[in-house]
Each structure stands twice: as C-alpha cells, then as structure tokens.
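The values are calculated or read from the model by the stated rules, or taken from the named source; none is laboratory data. This is a predicted model, so every value here is computed, not measured. In this analysis, Cβ positions are derived from the backbone assuming ideal geometry, glycine residues included, and neighbour counts consider all displayed protein chains.
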Amino acid sequence: MKNRLSQNAAPSVSTLGDLAKLANYSLVESLKCDPEAKADGADHAPRQVFSGHYVPVKPTPIDDPEYIAHSKDFFHELGFADSLAESADFVRMFSGDLSQVPEPMRKVGWASGYALSIFGTEYTQQCPFQTGNGYGDGRAVSVLEAVINGQRWEMQLKGGGRTPYCRGADGRAVLRSSVREFLAQEHMHALGVPTSRSLSLYVSKTEKVQRPWYSEGSRSVDPDTMVAEPVAISTRVAPSFIRVGQIELFGRRARKQEHPDALAELEAIVLHLIDREYAELIDVNLSTAEKVVLLAREFCDRLTSLVANWIRVGYCQGNFNSDNCAAGGFTLDYGPFGFCDRFDPYYQPWTGGGEHFAFWNQPVAAERNFEMFCTALQPLLVSHPDVQQQLDEIRSDFAKVMQGKMEKMFAAKLGLGTFDAALFSELVTLMMQTSVDYTIFFRELSSIPEDIGPLKNSFYTDLSEELEGRWSEWLTKWKSHVTDTSEQMKRVNPKYSLREWLLAPAYQQAATGDYALLRELQEVMTQPYAEQSRAVEEKYYRLKPTEFSAIGGLSHMSCSS
C-alpha cells in the first residue's frame, strides 16, 4: 500500500467517469454467485445462503447525504482530485446510490458470507438459522473494484443497508462509529501499521436510527440508554476484504461435504485470495497444494508482523474473531478498538471481549485465527500428505515466529541492538507499578534522557522514594545497552495516538454539524511521529484527564455501532 504517485503530480482521476474507466470486477467475474440470488440486487431480508462466494446486493442510499471528510493523503496516492469527494455523482455513489453510475461501473454491489470462530472455537448459533449459513456482511456492501496505478483496490460501503446477512438488523452505521473508523484507518496507516484505508465519509442530514449507548458521565459497564444517532456511510478500501472467516466458511463446507461443489468453491476462493493479496509472492504455475503451503507461510509472516505492530503502537483490536481477521494480513474492522492510555497488559476496550482479546494477549488470539485458517485449507491437501505435513509445521511454528517478531519490535522501541529479556521484564514491572502512559513513556524515553525527570511526564501516579530509585537504576542500566539514536527511536515510538477521549468530542460535535474538530484530529493523527506545534502538543500530547476514568464510551464500550 505504498504511495505510487508523487504528491506534486497532477491528479489523473477528476471525475467519476475517470474512475469508471479503471473499474475491473475480479471477484464477481471470476467467482461463483449465490445461485438463489436476485440479479437486480433487491435482496435485503435475512435468509440462508447455502453456496456461492457472493450475493449481488443493491446498497440502500442514506437520505440527504452531506460531505464530512475524505482522506486527502489516500486521494493523492490514488491520483484523485480533492474536488472529487464533494462532486455530486461521487457523493451519490459513495453514499449508497448506484443508480446513475457511468458504465462500465455496475449498478449492483455485492456482499459475502463468512464463518465465525472465537479464539479458535467454531460457532454457528450467532447465525439466526443456527446453521452458519446466515453470517456475513450484514451492512457492508462492496460497490467497486478498480485497478489504479497498477494496484487493485476494492471499495466497500460500511453502513450501506441490509443484506441477506443482516440478521434482522437495520444495516446502518451511525456517525459515531463511522467517524472512529474513518480516523483510525488513516491514523494506523500513518503509524506504519498495515490497514484498510479510508476514502470518504458522508452523513445523512435527516435519517437517524436508535442505538444503545451510554448516558453522559455513565460508569455503567453496558450501555444504559437508547439514543437517536445520525446514520453515515464511510467507504473503506483494501486490496480485498477476504477474511479468515470467509476461507473458514468454505473450508467447513468442504470438510462436511455440504454440497457437491463445496471443495471446488473452497479452492476457488483460496486461489482468488492468492491472486488478490499474494500474487507477487506465489508462482501462478505451481499446483494448488504447493500454493496453499506458500500462502500459509506468507500469511503467518504478515499476521505476526501485524500484531507486533499493534502492540508497538498501543493498539488493541478488542474483538479479534476470525471474521475480523483479514486474510491479507492487515487491520480490518474498527469496532471496539482502542489505544492504551495507562499501560495494562489486560487492557480491553470492549466490555464483551474478555481477557483472551486483551492487549497483551493479541499474539495468542492471532495464533488461534491462524490455526482456523490452516484447518480451513486442509481439505485441499487430503491427497497430499507430504504437503499437509509442511502446513502442520508452519502452524506449529507460529508462536515461535510471533515471539521473534515481538522481541525484535520491543528491541526497536527500546533502541537496543538485541532484545534483553531481563531488562524488558524489569521495565514492564515498573510500568505497571507506576501506572505509565504507554505512548508518552516510550516517546519520552526516545529522547534518551539524562535522568528520569522527562519520564515522569508519562506517570499517572506519584513515585515513592523506593520506586524512584528503582526507575533511576533501570534507566542507568538501559542507557548502557542503547545502540540506536534518539531519531531512530522516535521513528518507531509515535508521539500521538488516537485516544478515545479525543475521539468522543469529535464525533459528538460532528453530530451537531460541526466537523472542525474531526478535521483537526485527522490532520494531527496523520502525522503521529512529527513534532507538531506547541498548541497541538498541549492539546493532544498529555495524560488522560482523571475525570474520564471508568466512563462508558471513553474507557470502555459495547460493540454497538
């Protein structure tokens, strides 16, 4: 996902017609449509989908859409003119109305099914039919695939209305969650963490939906009131939106021989995944069995790097089920995510998430998802026991690979040439006992201070004399091991992170039609390593105010969005 266009180059896409010329729908043209689908996409009621890779769905436009924001950085990378984001036909399309798109764009989008496993356990009861055949994109509708500057991108509306997978819900996303996802995706990209990208964000001036949420100042664990919230549509973009849960769905069907084409459908989606996400790494002339092993190895490498990056920047996914795990190895689905304020290994922003998806446990959660991925691939290797053994070895090595990535990452955060387990263990103990701010601590450490004075900027509690002495001893010991420069350390330790208490005022003001704070946050958080102005530093580089502790929606949240 590199910038392929000079920031000074003239935009090559100034109109929706220019974008239409780049349309190239690989998924719907090469994979199997649900045989029970409606060609016109008028398929908005919950139902079982027994086979096929996708269902044609016409998105449901939001009423009276209004422009809020677009990703200027991503627009420039794609060669899009900034003016495109507010042009009438672009707004119409990316707020859900495909009725007037220029050819060869399609007037119908698509949604896909996937399976659910939670921390390595298969589930079907969340599906309303108790079969697993009704679980999938309930409110996410893909509307375009395009090849832009040699890179294929899929564009998906989040909150685009009901699909057969909606499970009786309204198919809408509210402004609050849409603002969070829009800002988080671009922040994560700026942090250097692989992620889906944000394209645009539109809100309805008239349409609202009811959602459970927290009353002002509530310390309730779960939402304690119903609120009417504006609906919005954000467009997220990625090379594909194929998830581990999607591969898992077809793997389960093939394993259970649920229909005559089940194995062929599994092979087709796996080969499509390789084409979309790993084509440059896997030789097209290899056999399927050989491709499967290479796919598993490459995905292991990407997933372990991803999770190490999450922990590097203090990010917790919150809900890391297999359906929220992109098979391309990037961050997907910004639901109950959060960035650490006070360091806590068991930090978990989602009230329903449990310790298994907590901050420090993300490597193990990733391993469980990888195990489900490998299990889903096994039906393709039944007649290849030697290749199956290779897959088993890759699966069993995941924890070792993950540990290596974590040690390398923490060595870089600490400016060390090699990881020092004893030094790190002592630091973690001190960080927990002192209650330090995760982001501010590592940024202050990156200045390689003479004494612990600057580090105190990250401490939420006052030091006892004994604790101050231990910190001073640790700092002296650490400085004798440091090999990197301050500049090198600052490149891996961001100054700014998208904390929930900064996000909440932005989406609250946006709900009143005031987008100034949202746009300011976008500007600040897309430069997370930069030394910005004194005013920005005073506003955004500080400890979490004590009045926000334990407040619903600021320190914890439900999954509702």
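Tell me whether the range 37-56 contains one or more residues that are free of Cβ contacts under 8 Å to residues at least 60 places away in the same chain, closer than 26 Å to TYR278 by Cβ and surrounded by 15 or more Cβ atoms within 10 Å (Cβ to Cβ).
Looking through the range 37-56, at least one residue is free of Cβ contacts under 8 Å to residues at least 60 places away in the same chain, closer than 26 Å to TYR278 by Cβ and surrounded by 15 or more Cβ atoms within 10 Å (Cβ to Cβ).
Given the condition surrounded by fewer than 18 Cβ atoms within 10 Å (Cβ to Cβ) and either touching a residue at least 12 places away in the same chain (Cβ under 8 Å) or farther than 20 Å from ALA327 by Cα (or both), answer yes or no: does some residue in the range 90-100 qualify?
yes
I'd like the residue in the range 333-366 that is among the acidic types (Asp, Glu) and surrounded by fewer than 18 Cβ atoms within 10 Å (Cβ to Cβ) and, out of all such residues, is modelled with the highest pLDDT.
ASP344
Yes/no per residue for (1) assigned to a strand (DSSP E or B); (2) touching a residue at least 24 places away in the same chain (Cβ under 8 Å); (3) of a type in the set (A, V, I, L, M, F, W, C):
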{"site": "ASN133", "(1), (2), (3)": "no, yes, no"}
{"site": "ARG162", "(1), (2), (3)": "no, yes, no"}
{"site": "ARG176", "(1), (2), (3)": "no, yes, no"}
{"site": "MET188", "(1), (2), (3)": "no, yes, yes"}
{"site": "SER200", "(1), (2), (3)": "yes, yes, no"}
{"site": "GLU207", "(1), (2), (3)": "yes, yes, no"}
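Take the range 507-561 and flag every residue that is surrounded by fewer than 18 Cβ atoms within 10 Å (Cβ to Cβ), at pLDDT 95 or above and of a type in the set (Val, Ile, Thr).
If the condition is that a residue be surrounded by fewer than 18 Cβ atoms within 10 Å (Cβ to Cβ), at pLDDT 95 or above and of a type in the set (Val, Ile, Thr), then THR512, VAL536 are the ones that fit.
If GLN348 passes every condition in (1) part of a helix (DSSP H, G or I); (2) within 25 Å of CYS325 (Cβ to Cβ); (3) of a type outside the set (Lys, Arg); (4) in contact with a Gly (Cβ under 8 Å, 6 or more places away or on another chain) but one, which one does it miss?
For GLN348, the exception is condition (1).
Of everything in the range 254-302 that's in a loop (DSSP other than H, G, I, E, B) and hydrophobic (A, V, I, L, M, F, W, C), which residue is surrounded by the most Cβ atoms within 10 Å (Cβ to Cβ)?
ILE282
Looking at this structure, is PRO239 surrounded by 16 or more Cβ atoms within 10 Å (Cβ to Cβ), within 30 Å of VAL292 (Cβ to Cβ) and out of contact with any Pro (no Cβ under 6 Å at 6 or more places or on another chain)?
yes
Among residues belonging to the range 495-532 that are assigned to a loop (DSSP other than H, G, I, E, B) and touching a helix residue (DSSP H, G or I) at 6+ places or on another chain (Cβ under 6 Å), point out the one that is farthest from PHE419 (Cα to Cα).
Restricting to residues being assigned to a loop (DSSP other than H, G, I, E, B) and touching a helix residue (DSSP H, G or I) at 6+ places or on another chain (Cβ under 6 Å), the top hit is ALA511.
Residue-wise test of (1) within 16 Å of PRO56 (Cα to Cα); (2) in a strand (DSSP E or B); (3) in the same structural domain as HIS259 (by TED's automatic domain parsing); (4) at pLDDT below 95.
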residue	(1), (2), (3), (4)
ARG106	yes, no, no, no
GLY138	yes, no, no, no
VAL143	yes, yes, no, no
ARG152	no, yes, no, no
GLY171	yes, no, no, no
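Residues to consider are GLY251, GLY328; find the one that is touching a residue at least 24 places away in the same chain (Cβ under 8 Å) and assigned to a loop (DSSP other than H, G, I, E, B).
Only one candidate passes the filter, namely GLY328.
Counting just the residues of the range 369-403 that are in contact with a Ser or Thr (Cβ under 8 Å, 6 or more places away or on another chain) and of a type outside the set (A, V, I, L, M), which one comes out surrounded by the fewest Cβ atoms within 10 Å (Cβ to Cβ)?
Only one residue fits best here, namely PHE398.
When you scan the range 18-30, do you find a residue that is under 30 Å from GLU520 (Cα atoms), in a loop (DSSP other than H, G, I, E, B), out of contact with any Phe, Trp or Tyr (no Cβ under 9 Å at 6 or more places or on another chain) and not hydroxyl-bearing (Ser, Thr, Tyr), even just one?
Checked the range 18-30: no residue is under 30 Å from GLU520 (Cα atoms), in a loop (DSSP other than H, G, I, E, B), out of contact with any Phe, Trp or Tyr (no Cβ under 9 Å at 6 or more places or on another chain) and not hydroxyl-bearing (Ser, Thr, Tyr).
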